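Read through the structure below, which is laid out as structure tokens, and then see the notes.
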Amino acid sequence: MRIDMTVNGTARQIDTEADRPLLEVLREDLGLTGTKYGCGEGQCRACTVLLDGRVVASCRTPISTAAGKKITTIEGLALNGRLHRVQQAFIAEGAMQCGYCVPGMILTATAFLEKTPHPSEAQIAEAMNGNLCRCAGYPRLIAAIHHAAKGGAHA
Amino acid sequence: MPEIFEIEPERYELFEAPRYIFTPTRREFLATLGVGIMVVPAIAQQRRGGGGGANVPVGSRLHIATDGTVTVLSGKVEVGQGARTELAMAAAEELRLPLEQMRVILGDTDLTPNDGLTAGSGTTPRTVPSVRSAAAAAREMLLSTAAERWHADRATLRITNGRITHDGKSFGYADLASALAGVQPNTTALTKVDDWKILGTSQYRADAHAIVTGKHEYPSDIKRPGMLYGCVLRAPAYNSKLKSADLTAAQKLPGVVAVKDGDFAGCAASTSYAARKAVAAIAAEWDTKEHPSSDVLFTHLKSHAKPGRSASERGSISTGLAAAAKKHTATYQVPFIAHAPMEPRAAVAEWVDGKLTVWTGTQNPFGVRDQLMQAFHLTADKVRVIQPDSGGGFGGKHISDAALEAARLAKEAGKPVCVRWTRAEEFMWAYFRPAGLFEIEAGLDAEGRLTAWKFVNYNAGGAALETPYKVANAHHHFLGSQSPLREGSYRGIAATANNFARECFMDELASAANLDPLEFRLRNADNDRLRAVLQAAAKKFRFAERRAAKKGIGIAGGTEKGSYVAACVELDPTTGKIREFCMAFECGKILNPANLRAQVEGSIIQGLGGALTEAIEFAGGKLKNGSFARYKVPRFKDVPTLDVVLLDRPDLAPAGAGETPIIAVAPAIANAAFHAYGERRRAMPVKMGRA
């Protein structure tokens, strides 16, 4: 089927099978490999993207449901080359070991901070609990999200 | 030396043949035999352990470009543990260069020296010195060459930011690089710890920008022109053999390449979706034999124990037990667990003019190259393996399967092929940390000192088998077994299992002796470094005070690979949740405090999984919990209050730190559970609540 969608601000047209996961279309058809496969069952959230501003697991999102929607991937978060404050905070706090979970963490945190600009540590843990980091770098990830929350206005 | 140390002492390494040996074509046979080379994998070399200090000339370790950029070359790989930053720091320190000017190439079999597996906490104690001594030799030779050219006294030369200056004149390193030909590493010119400017400081990953923008290319992100996506036919259960596979239907699908070669069958297509559909269209028949279930795991391990490995023995156990005022015995169990790195196994293979290049996530690039050589009947010059910094390893990425699969499909397709394992494949077809069964017996004198120590381990592995506590009469025995699952290395592998059994049993002995568990350990420990971490953790945590005030307080210590750890824990007896975790860790001189802290915190939290929730369950040849929905690993909400105490010892050589912190996690928790419930916990994962 033909899918029209907006990816990182650019109109995209894809002709593909309706039940292909959005994740695979982003990675294989559009070359946006910043979105990661982790489990294919929505349990690790490495594949997180924003669909009309909402956090979704792209591995469990059939491409057909992306039709007509706006998608933001990690590649589209920086504006005009300026990193989003969550991205900046991750660098400042060294919030990565292997870094494979980081794109999903950043997008989840970005959507969360939009709604909860001044979160407590417990709120961060609750909101981020769906995102797995097997290096278990959670303390630094929490520090980075705190850092971003304190870091002022949206980039 | 007891025989135990002649087998793999520090890791339970997988030394199995490649999963597939593909049918050679006549041309390959001639190419291999024609030049008179027997293709023999370099297993003897790999067996030397984590390796890391390939003794190579400076020119193989460092490259100085004409623009002055210095590149460090190492066969080690980056899987998130910080090797790239650490090796850059090591070279920058000795070359007096800013860290930002260093480039590092890791894990490329055509470019880097073979530093062995990235395993066994080997990069810090072996590769760092190797890089430092090469860089120090280079610095000294550059200085001497500059002095010669200027006819100047060498002692009057200054060296800053990659330039050598004297009397208003200067040379860049590139101007003098030709002098480095044939220079050998120099261990006597190393910069003293007191003079370090870069080593010993906190440094984060240099490529953080690429990671937060999604630009960093992990092995599963590599894309080559014309690349197809592969999917492999998997057996329905363990102990299965492919009887037949009819590819007709798969081959009729548009754009699909399908292959059957021996035990291998798979398809490649322009999307992974199409490749999956094609594999689903293969009509396969399997011969499946019975496979034991995890319910009978520990009786299976004991009944299939392999004799032949002798015990290490000192003094006499019977004399020691006869002299004891108190005797005690217990058995412990450790299940199989999975590494489950965030990035599953992945490989991209490309054949150009008979040469195979594979990009893959591996802790063993040279081992993967050797297996590709074996499987495809190739000589070393025809195979290149590159490991782009990958998404986690934890000892789990030592095998070549995905590389072999991608290469076989790429060969058939005549195009590059990418094979990325699914999470289900990663759980089922990778390998596991070995399960183990332990039988321990000990005697104590009237003062609570060990008189005898008998420790028997079935299948868990030999690392950290020997007790670090003082005892005159000791018997340590590791017996291999017939493992029902494929097993191999894991972060801290056998040391975690051995230390769990040992430190839980020490706690039981403390109770038997009516001694506080810290006091009991200190009474039996004559190793100053072990005593120091136990005391540091206990002091920071206020162990004695808190243990007297409430229930659910535990302690454990341990040592492995030259570093020392102790942990104190408080758990909530009602919920079983870990409230607070305090760890003291000492690994000699600290090279990168920020990275060390991250490794220690990561070890604690990853270790909570093995301690509390992780155990692979299987029946009928299938995993019962081979998914993140069923196999529970630590998440944000599981993180307790953490308190990490790093003891810096500038007088001691740096030891690796990626593994040892994990060995104290489970026993500290099991001992806290005993304190909470008054019942012993003798199995991982530790059950909370009263039985």
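The values are calculated or read from the model by the stated rules, or taken from the named source; none is laboratory data. Since this is a predicted model, take the numbers as computed values, not measurements. Positions of Cβ are backbone-derived with ideal geometry, glycine not excepted, and every protein chain shown enters the neighbour counts. We work out accessible area using only protein heavy atoms, side chains counted, and drop any ligands, DNA or RNA first. Shrake-Rupley method; radii C 1.70, N 1.55, O 1.52, S 1.80 Å.
Taking the options A:PRO139, A:PRO117, name whichever one is without any contact (Cβ under 8 Å) to a residue 40 or more places away in the chain and either more than 11 Å from chain B (Cβ to nearest Cβ) or part of a loop (DSSP other than H, G, I, E, B) (or both).
Result of the check over A:PRO139, A:PRO117: A:PRO117.
Take the conditions in a loop (DSSP other than H, G, I, E, B), within 14 Å of chain A (Cβ to nearest Cβ) and either open to solvent by less than 40 Å² (accessible area, probe 1.4 Å) or within 18 Å of A:GLY94 (Cα to Cα) (or both) and apply them to B:GLY68. Does it pass?
no
I'd like the residue in region A:120-130 that is of a type in the set (Gly, Ala, Ser), within 11 Å of chain B (Cβ to nearest Cβ) and free of Cβ contacts under 8 Å to residues at least 40 places away in the same chain and, out of all such residues, is least open to solvent (accessible area, probe 1.4 Å).
My answer is A:ALA125.
Away from chain B (no Cβ under 13 Å), open to solvent by less than 10 Å² (accessible area, probe 1.4 Å), touching a strand residue (DSSP E or B) at 6+ places or on another chain (Cβ under 7 Å) and on the phi < 0 side of the Ramachandran plot: is that true of A:ILE63 in this structure?
No, not satisfied.
Specify the residue that is farthest from the other protein chains (Cβ to nearest Cβ); the eligible residues are those in region B:370-397 that are among the small types (Gly, Ala, Ser) and in a loop (DSSP other than H, G, I, E, B).
Only one residue tops the list, namely B:GLY395.
Which condition does B:ILE159 not pass, out of (1) within 14 Å of chain A (Cβ to nearest Cβ); (2) of a type outside the set (Lys, Arg); (3) open to solvent by 20 Å² or more (accessible area, probe 1.4 Å); (4) not in a loop (DSSP other than H, G, I, E, B), if it passes all the others?
Here B:ILE159 clears every test but (1).
Can you say whether B:ARG531 is buried (at least 22 other Cβ atoms within 10 Å of the Cβ) and either assigned to a helix (DSSP H, G or I) or over 21 Å from the mean Cα position of the chain (by Cα) (or both), as far as the supplied structure shows?
Spelling it out, it is not the case that B:ARG531 is buried (at least 22 other Cβ atoms within 10 Å of the Cβ) and either assigned to a helix (DSSP H, G or I) or over 21 Å from the mean Cα position of the chain (by Cα) (or both).
Any idea how many residues of region B:264-302 are in contact with a Ser or Thr (Cβ under 7 Å, 6 or more places away or on another chain) and open to solvent by 40 Å² or more (accessible area, probe 1.4 Å)?
Residues flagged as in contact with a Ser or Thr (Cβ under 7 Å, 6 or more places away or on another chain) and open to solvent by 40 Å² or more (accessible area, probe 1.4 Å) within region B:264-302 amount to 4.
Residues checked against (1) within 29 Å of the chain's Cα centre (by Cα); (2) surrounded by 15 or more Cβ atoms within 10 Å (Cβ to Cβ); (3) charged (D, E, K, R); (4) over 25 Å from B:CYS418 (Cβ atoms):
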| site | (1), (2), (3), (4) |
| --- | --- |
| B:ALA210 | yes, yes, no, no |
| B:PRO225 | no, no, no, no |
| B:ALA237 | yes, yes, no, yes |
| B:LEU242 | no, yes, no, no |
| B:ALA249 | no, no, no, no |
| B:VAL257 | no, yes, no, no |
| B:GLY262 | no, no, no, no |
| B:SER310 | yes, no, no, yes |
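Restricting attention to region A:91-114, and to residues there that are at the interface with chain B (Cβ under 7 Å from one of its Cβ atoms) and touching a residue at least 40 places away in the same chain (Cβ under 8 Å), which single residue is surrounded by the fewest Cβ atoms within 10 Å (Cβ to Cβ)?
A:GLY94
List the residue pairs whose Cβ atoms are under 6 Å apart, where the first residue sits in region B:321-335 and is of a type in the set (S, T, N, Q), the second is open to solvent by less than 50 Å² (accessible area, probe 1.4 Å) and not in a strand (DSSP E or B), and the two are 6 or more positions apart or on different chains.
Sorted first by the residue in region B:321-335, then by its partner, the pairs are B:GLN333/B:PHE298.
Does B:PHE541 satisfy the condition of being within 14 Å of another protein chain (Cβ to nearest Cβ), over 29 Å from B:LYS197 (Cα atoms) and open to solvent by less than 20 Å² (accessible area, probe 1.4 Å)?
no
What tally of residues in region B:653-674 results from selecting those that are open to solvent by 20 Å² or more (accessible area, probe 1.4 Å) and either among the hydrophobic types (A, V, I, L, M, F, W, C) or not assigned by TED's automatic domain parsing to the domain that holds B:PHE543 (or both)?
Looking only at that region, the number is 2.
So, in region B:609-632, exactly how many residues are facing another protein chain (nearest Cβ under 9 Å) and in contact (Cβ under 8 Å) with a residue 60 or more places away in the chain?
3
Filter region B:571-613 down to residues that are charged (D, E, K, R) and crowded, with 24+ Cβ neighbours inside 10 Å, then give me how many there are.
So the answer is 1.
Filtering region B:633-652 down to residues that are open to solvent by 50 Å² or more (accessible area, probe 1.4 Å) and within 14 Å of chain A (Cβ to nearest Cβ), which residue is nearest to B:GLU601 (Cα to Cα)?
B:THR641
Which residue pairs have Cβ atoms under 7 Å apart, sit 6 or more places apart or on different chains, and have a first residue in region B:556-578 that is not assigned by TED's automatic domain parsing to the domain that holds B:GLY588 and modelled with pLDDT of 95 or more and a second that is hydrophobic (A, V, I, L, M, F, W, C) and open to solvent by less than 10 Å² (accessible area, probe 1.4 Å)?
As it stands, the answer is none, since no pair meets every condition given.
Would you say B:PRO219 is within 23 Å of the chain's Cα centre (by Cα) and away from chain A (no Cβ under 14 Å)?
No: the conditions fail for B:PRO219.
Please find, within region B:179-208, the residue that is surrounded by the fewest Cβ atoms within 10 Å (Cβ to Cβ) out of those that are of a type outside the set (Val, Ile, Thr) and not in a loop (DSSP other than H, G, I, E, B).
Out of the qualifying residues, it is B:ASP194.
Filtering region A:1-59 down to residues that are at the interface with chain B (Cβ under 8 Å from one of its Cβ atoms), of a type in the set (S, T, N, Q) and open to solvent by 20 Å² or more (accessible area, probe 1.4 Å), which residue is nearest to B:ARG630 (Cα to Cα)?
Within region A:1-59, the match that is nearest to B:ARG630 (Cα to Cα) is A:GLN43.
Does any residue of region B:398-409 turn out to be under 20 Å from B:MET342 (Cβ atoms), within 14 Å of chain A (Cβ to nearest Cβ) and either in a loop (DSSP other than H, G, I, E, B) or modelled with pLDDT of 95 or more (or both)?
Yes: one or more hits.
Pairs needed: first member in region B:196-207, at positive phi; second member anywhere, in a loop (DSSP other than H, G, I, E, B) and modelled with pLDDT of 95 or more; C-beta distance under 7 Å; at least 6 residues apart or different chains.
B:GLY200/B:ILE590; B:GLY200/B:LEU591
Go through region A:67-83 and give me each residue that's of a type in the set (A, V, I, L, M), farther than 16 Å from A:GLN13 by Cα and under 13 Å from the mean Cα position of the chain (by Cα).
Within region A:67-83, A:ILE74, A:LEU77, A:ALA78 qualify.
Would you be able to say whether some residue in region A:68-90 is surrounded by fewer than 19 Cβ atoms within 10 Å (Cβ to Cβ), hydroxyl-bearing (Ser, Thr, Tyr) and more than 9 Å from every other protein chain (Cβ to nearest Cβ)?
no
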